[in-house]
1. Within region A:86-187, considering only strands (runs of 3 or more DSSP E) that don't extend past its boundaries, which have at least 1 residues that are in contact (Cβ under 8 Å) with a residue 60 or more places away in the chain?
2. Which residues, taken from region B:76-125, are surrounded by fewer than 21 Cβ atoms within 10 Å (Cβ to Cβ), at the interface with chain A (Cβ under 7 Å from one of its Cβ atoms) and of a type in the set (S, T, N, Q)?
3. Please enumerate the residues belonging to region A:38-55 that are within 15 Å of DNA strand D (Cβ to nearest atom), at the interface with chain B (Cβ under 9 Å from one of its Cβ atoms) and out of contact with any helix residue (DSSP H, G or I) (no Cβ under 6 Å at 6 or more places or on another chain).
4. Do we find that residue A:287 is under 18 Å from the mean Cα position of the chain (by Cα) and among the hydroxyl-bearing types (Ser, Thr, Tyr) in this structure?
5. Within region A:128-152, work out how many residues are among the small types (Gly, Ala, Ser) and either buried (at least 21 other Cβ atoms within 10 Å of the Cβ) or over 17 Å from the mean Cα position of the chain (by Cα) (or both).
6. Could you list, in sequence order, the residues of region A:40-55 that are within 10 Å of DNA strand C (Cβ to nearest atom) and assigned to a helix (DSSP H, G or I)?
7. Here is a check on your reading of the model: is residue A:152 β-branched (Val, Ile, Thr), under 30 Å from residue A:123 (Cα atoms) and outside the structural domain of residue A:247 (by TED's automatic domain parsing)?
Number of protein chains: 2
Amino acid sequence: MDIRELARHLGLSIGTVSRALNDRKDVSPATRQRVVEAAAKHGYIPNQSGRTLRSGRTGTVGFMLTLEHDSAIHGDPFFMALLEGLQNGLSEHDLDLVVLLARKGEDALTFLRRHVSRGTVDGWVLSGTQHDDPRIPFLLDRTIPFVALGRTAIARDYAWIDLDFEGVMGDAMTLLTEAGHRRIGLVAPPATINNSHIVVRCYRDALVSAGIPFDPALVHHGETDESDGEATASELMAMPDRPTALLLMGETAPVGAYRALRRLGLEPGRDVAVIGLRDNPACRALSPDLTCFSLDLGDLGLALARGLVATLPGHTKDTEPPVQTLWDMTLRLGQSHKVER
Amino acid sequence: MDIRELARHLGLSIGTVSRALNDRKDVSPATRQRVVEAAAKHGYIPNQSGRTLRSGRTGTVGFMLTLEHDSAIHGDPFFMALLEGLQNGLSEHDLDLVVLLARKGEDALTFLRRHVSRGTVDGWVLSGTQHDDPRIPFLLDRTIPFVALGRTAIARDYAWIDLDFEGVMGDAMTLLTEAGHRRIGLVAPPATINNSHIVVRCYRDALVSAGIPFDPALVHHGETDESDGEATASELMAMPDRPTALLLMGETAPVGAYRALRRLGLEPGRDVAVIGLRDNPACRALSPDLTCFSLDLGDLGLALARGLVATLPGHTKDTEPPVQTLWDMTLRLGQSHKVER
DNA sequence: GCGATGGCCGTAAACGTTTACGGGTATCGG
DNA sequence: CCGATACCCGTAAACGTTTACGGCCATCGC
């Protein structure tokens, strides 16, 4: 069922049918309704390739997911919940969401370039932003709409939303330093990820204002998953003057850390203070309750959707500046940080 | 940069350029190489819409994700790990994977129909198969390639892979009945999901062969998530003659069940036996260790990719029957089932 | 030397839309 | 009654590919 066949059924030209279905003004209300009803009756749905080829618009936005740091994905419930909010936000503007997975080992920029010149989507949501992410200038230079989940070190104006790591680190570090901890182990994301820099900077700032010397041996960069959390926690606790507290900025890293501690005969929340990043299901399963931070991923997805839509041509006022938001996370006190010193 | 411009650079016709890039035979090796090199040099990548419009092929397969049962997705690490394997399997055949999220509240068949007539992908991976899933006959009747993750009650020949719930339930039930349990609470997936029927059937079969009467009050249908696990566990334990064992066929349901039990002053693995479905990160965080089942999601994704590719035109031998595989899950004994009766 | 064969390549017609453009009819003001 | 103005609608040219078809040239066998 083409537009041609539908037009023949209606005794109209395909041009008129197209205009009627696309809500353009050059068509009388009567025929518009007739066309819409006939389309529904015959189950006509425009072919996307033809439409895109001519108009250049696809009606979809892409969420780019790279499996490079697979621990950030593998078993990571963060994105799934986020995608739901994103889809809801996009639905309001009749946009579809497609998640594009970079092929194993494929470079992120190559992947993006491929899909951009293919013209698969109208706009992008970028995640896992690197410190100096080449995707940002690439898209900016071509004026392709996008919103980034995560800041970068790039000093150009674009839309982004990032978690408030400053707030998180501030809350966590005051909690620990005020409890008397002076040796605090930090597990930060991989050094290429931009968050990693922010986390370490805040860590040092907090130490300075508490008058505690900075020991680089206490800072590890690792993936966000369980097994890496276990490995790095083991290493940190094997130090001669081992830390009395652990700060784990990874999704399921605390699960591994608990296991590592117990293997050494140490109980989280009694012998060692532990603070995690997000209260995902895995962390909620821990006992004693993990002290960590929470956020509404559905809302975050919605905000990303709005931020992106504002950059799309047609939808935008063209004047307002791009969204640049630090997303609050609220501290959830559990038992795991309560270690008297 | 289109094919026309590239052809002009080379002094060739666009037809020849197209044939060279698509590895067709009607072109000399010398010019083929010349074309490929020029394309690489100028960064030419064929426009997907034009290509699809003419050839009908997209080079992508779609993974359909419905947010209907959002608890099956929300915070569910199952799919993320699966997608990685799927992408790896598809890469071997130069296929891209796109994940298509049904809009909130949109009917699954409507969603599928929309994307099929749009022609967004060459083939489909269906998940969350219903007992009588209308998507199956829809795709079969149109001879659109697909593979289903999950069986249905539909007696037609198509490619599917499903978890071996028969094996899982058999192992779990013998473990419990041989330990003397006679009142076993079951939390099965929502009744519309096909797995739910299988699980309940196996549950009854196991009871019969152990000579235990079937009590429908012990069977609950719920989502697979934490909060639902907590709610149903609470309900089951509030019964006058409450169960001595819980069997939870949901991803993170055991996390909620642990919490519910402890609120009642009951310790999993000591007062009540608990068995879960899969050893995801959340379940691995539980203490005492949850007795449950494990599988390699990467391998499963690969198998799905192969199963789908075999149904795609061109790749297939056309003769071999579609894959129909029960995927083994191996029992991982923890501490949570050890309750002496 | 000539017809046949096969390897390469150019030509042009699709694929299904959107959209600029122009034309036809009715309405309206004068 | 006439010209101008809207309002609709049809026409046709794109958009970027793929691919059936035909043609040219060289090679080959006789």
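1. Numbers: elements: A:96-101, A:123-126, A:146-149, A:160-163.
Of the strands (runs of 3 or more DSSP E) lying wholly inside region A:86-187, those with at least 1 residues that are in contact (Cβ under 8 Å) with a residue 60 or more places away in the chain span A:123-126, A:146-149, A:160-163.
2. B:88, B:91, B:117
3. Once the filter is applied, which keeps residues that are within 15 Å of DNA strand D (Cβ to nearest atom), at the interface with chain B (Cβ under 9 Å from one of its Cβ atoms) and out of contact with any helix residue (DSSP H, G or I) (no Cβ under 6 Å at 6 or more places or on another chain), region A:38-55 yields A:46, A:47, A:51, A:54.
4. no
5. Taking region A:128-152 and keeping what is among the small types (Gly, Ala, Ser), we get A:128, A:148, A:150.
Still in the running and either buried (at least 21 other Cβ atoms within 10 Å of the Cβ) or over 17 Å from the mean Cα position of the chain (by Cα) (or both): A:128, A:148.
Going through region A:128-152 one residue at a time, the tally reaches 2.
6. Of the residues in region A:40-55, the ones within 10 Å of DNA strand C (Cβ to nearest atom) are A:44-55.
A:48, A:49, A:50, A:51, A:52, A:53, A:54, A:55 - these are the residues of region A:40-55 that are within 10 Å of DNA strand C (Cβ to nearest atom) and assigned to a helix (DSSP H, G or I).
7. On the way: β-branched (Val, Ile, Thr): yes; under 30 Å from residue A:123 (Cα atoms): yes; outside the structural domain of residue A:247 (by TED's automatic domain parsing): yes.
The answer is yes for residue A:152.
For (1) of a type in the set (A, V, I, L, M, F, W, C); (2) touching a helix residue (DSSP H, G or I) at 6+ places or on another chain (Cβ under 6 Å); (3) modelled with pLDDT under 95; (4) on the phi > 0 side of the Ramachandran plot, each residue gets a yes or a no:
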position: B:4; (1), (2), (3), (4): no, yes, yes, no
position: B:8; (1), (2), (3), (4): no, no, yes, no
position: B:11; (1), (2), (3), (4): no, no, yes, yes
position: B:15; (1), (2), (3), (4): no, no, yes, no
position: B:22; (1), (2), (3), (4): no, no, yes, no
position: B:27; (1), (2), (3), (4): yes, yes, yes, no
position: B:30; (1), (2), (3), (4): yes, no, yes, no
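The values are calculated or read from the model by the stated rules, or taken from the named source; none is laboratory data. Remember, predicted model here, so these are calculated numbers, not experimental data. With ideal geometry, Cβ positions are generated from the backbone for all residues, glycine too; neighbour counts draw on all protein chains shown.
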